[in-house]
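S.K.: Next up is a structure, given as structure tokens.
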């Protein structure tokens with residue numbers, strides 16, 4: 001059984017119900033240990049206000065979403081993306097975030113060059129890694145399901161993400177690692193071996209469920225226990241690496257959970273966390 005002291009709720013899970021300030025208050029009132037913050041919501045709230053509220057409420061930040069999106073159609077666009085990632089690192093420092101979650105980006109508009117896109121991702125990571133190291137903020141590459149390879153993230157398996165870590169961070173420290181999200185990775189027949197390979201590079205662990213049928217591949221994630229993912233098995237593999245950080249519930253659900261009262265969503269997260277994670 002998962003310990004509620006490890007429960008974090010990604011702000012996206014209640015994005016239709018709460019802004020950042022409201023989410024911080026609601027999660028804290030429900031004795032949720034952590035929150036993962038989205039940068040658009042952070043901008044609406046204001047960084048200084050968010051930092052004060054987190055300190056007052058004693059809420060830990062399991063991750064800042066999101067960095068990445070490195071590819072661009074030209075050098076100027078790629079540099080702008082790098083600059084935005086440098087800003088995300090500075091925001092993470094102020095928030096005390098455990099990591100910056102990197103959704104690395106897809107193929108630039110008008111291109112069909114998947115291999116070149118992955119090179120842009122590698123180069124973008126290499127450009128921001130020194131700043132992250134100096135700031136003491138780990139970078140967590142989040143591989144996304146292959147259905148997102150074109151538009152959201154061309155890094156689609158845990159193995160690909162770890163290859164990037166090995167290329168850019170040969171010391172195998174915690175400066176550059178991975179976010180293991182069950183929604184994106186549960187299908188991979190090599191998942192257990194790649195989680196074992198990751199070891200201390202596991203920087204974040206995200207849970208939800210895969211519904212059958214799934215009516216929207218982006219906005220129809222399930223609450224844990226409502227789908228087909230063996231979440232507890234994957235959690236055991238992750239725990240075996242030594243990862244003992246927060247476990248983050250991240251649910252995009254336009255037609256279900258985003259339509260329910262926020263307190264109902266939070267309470268259900270708590271209940272299902274204990275039952276299935």
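S.K.: Only helical DSSP H runs with n ≥ 4 go in: add -39500 (n - 2.57) per run for the chain, normalise by residue count and round the 222 nm mean residue ellipticity to 500 deg cm²/dmol.
M.R.: Taken over the chain, the calculation gives -13500 deg cm²/dmol.
S.K.: Would you look at the GNM of the chain, springs on alpha carbons closer than 10 Å, and say which of 85, 29, 230 moves the most?
M.R.: The residue with the greatest mean-square fluctuation here is 29.
S.K.: Moving on. Could you calculate the FRET efficiency of residue 86 with residue 52 from 1/(1 + (r/R0)^6), where r is the beta carbon distance between them and R0 is 25 Å, rounded to 0.05?
M.R.: Computed FRET efficiency for residue 86 and residue 52: 0.55.
S.K.: For region 21-62, just say rounded, prolate or oblate: build the C-alpha gyration tensor, square-root its eigenvalues into a ≥ b ≥ c, call rounded for a/c under 1.5, and beyond that prolate if a/b exceeds b/c, oblate if not.
M.R.: Here region 21-62 falls in the prolate category.
S.K.: Describe numerically, in nm with one decimal, the distance between label points set 7 Å from Cα along Cα→Cβ at residue 192 and at residue 75.
M.R.: Between residue 192 and residue 75, the label points sit 4.9 nm apart.
S.K.: So how much slack lies between residue 16 and residue 113, counting 0.36 nm per residue of separation and subtracting their Cα-Cα distance, in nm?
M.R.: 31.4 nm
S.K.: Right, something else. Limiting things to C-alpha atoms, what are the Rg and the maximum Cα-Cα separation (Dmax) for the chain, in angstroms?
M.R.: 17.5, 49
S.K.: Rounded, prolate or oblate: which fits region 190-267 when a ≥ b ≥ c are the square roots of the eigenvalues of the alpha-carbon gyration tensor, with rounded for a/c under 1.5 and prolate only if a/b beats b/c?
M.R.: The shape class here is prolate.
S.K.: Here is a follow-up. Classify region 103-257 from the C-alpha gyration tensor, please: rounded if a/c falls under 1.5, else prolate or oblate depending on whether a/b exceeds b/c.
M.R.: oblate
S.K.: A follow-up question, please. Report the FRET efficiency, 1/(1 + (r/R0)^6), for residue 244 and residue 174, where r is their Cβ-Cβ distance and R0 is 22 Å, rounded to 0.05.
M.R.: 0.95
S.K.: Under a 10 Å cutoff between Cα atoms, tell me which one of 147, 120, 69 has the largest fluctuation in the Gaussian network model of the chain.
M.R.: Highest fluctuation among the options: 147.
S.K.: Can you give me the Cα centroid spacing of region 184-218 and region 74-116 in angstrom?
M.R.: The two parts, judged by their Cα centres, are 22 Å apart.
Coordinate-derived values only; no laboratory data. Predicted model, so just to flag it, every value in this text is computed and none were measured. Cβ: placed from backbone, ideal geometry, glycine included. Neighbour counts: every protein chain shown.
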